[in-house]
Structures are given as structure tokens and as C-alpha cells.
């Protein structure tokens, strides 16, 4: 299966987050578990390159101190 540009960038971000957390001396597996991410899911993300869900990715950002803002989209109340 071909990796998309978004998947490749997400994997780069996870690698960067892992490095930041390592420098900070944080046990990432325990921090993720405290954030509600199972050890099994953590292992898949950190060691097997599985794409994190949005909530897992946001937990990684919070643990590492990275500020990540989702775009805000305003829609009208009119039906299409």
C-alpha cells in the first residue's frame, strides 16, 4: 500500500515528538497511558509506525508540549 504525503508527514511528526519527549526525560509509554492510550496502541504508534488516531496524536502533542490547532471552519445554518 502506498504511503500518502500526509501519512509520511504524520510519521515525521511522531518521530519529532518522540525525540522531544526523550530530551525532556519523559516516559512516553506511561504518559500516553495516563492520557488514556493503551500500551498496545502506544507500542503500535511508537515502535511499528502505525498511524495514531486524532485523539492519540493530540495526546502526543500535549505530552511533548507542541501546540497544535485544528482549523476552524464556520458553516452557515442554511441547508444545501
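Scanning the stretch 17-52 for residues that are without any contact (Cβ under 8 Å) to a residue 12 or more places away in the chain, in a loop (DSSP other than H, G, I, E, B) and surrounded by 10 or more Cβ atoms within 10 Å (Cβ to Cβ), we see that the one that is nearest to the chain's Cα centre (by Cα) is 50.
For every residue, the table says whether it meets (1) modelled with pLDDT of 90 or more; (2) out of contact with any helix residue (DSSP H, G or I) (no Cβ under 8 Å at 6 or more places or on another chain).
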residue: 9; (1), (2): no, yes
residue: 55; (1), (2): yes, yes
residue: 59; (1), (2): yes, no
residue: 62; (1), (2): yes, yes
residue: 72; (1), (2): no, yes
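Does residue 14 satisfy the condition of being exposed (fewer than 13 other Cβ atoms within 10 Å of the Cβ) and in a helix (DSSP H, G or I)? Spelling it out, it is not the case that residue 14 is exposed (fewer than 13 other Cβ atoms within 10 Å of the Cβ) and in a helix (DSSP H, G or I).
The values are calculated or read from the model by the stated rules, or taken from the named source; none is laboratory data. Remember, predicted model here, so these are calculated numbers, not experimental data. For neighbour counting, all protein chains shown are included, and Cβ atoms are generated from backbone atoms with ideal geometry for every residue, glycine included.
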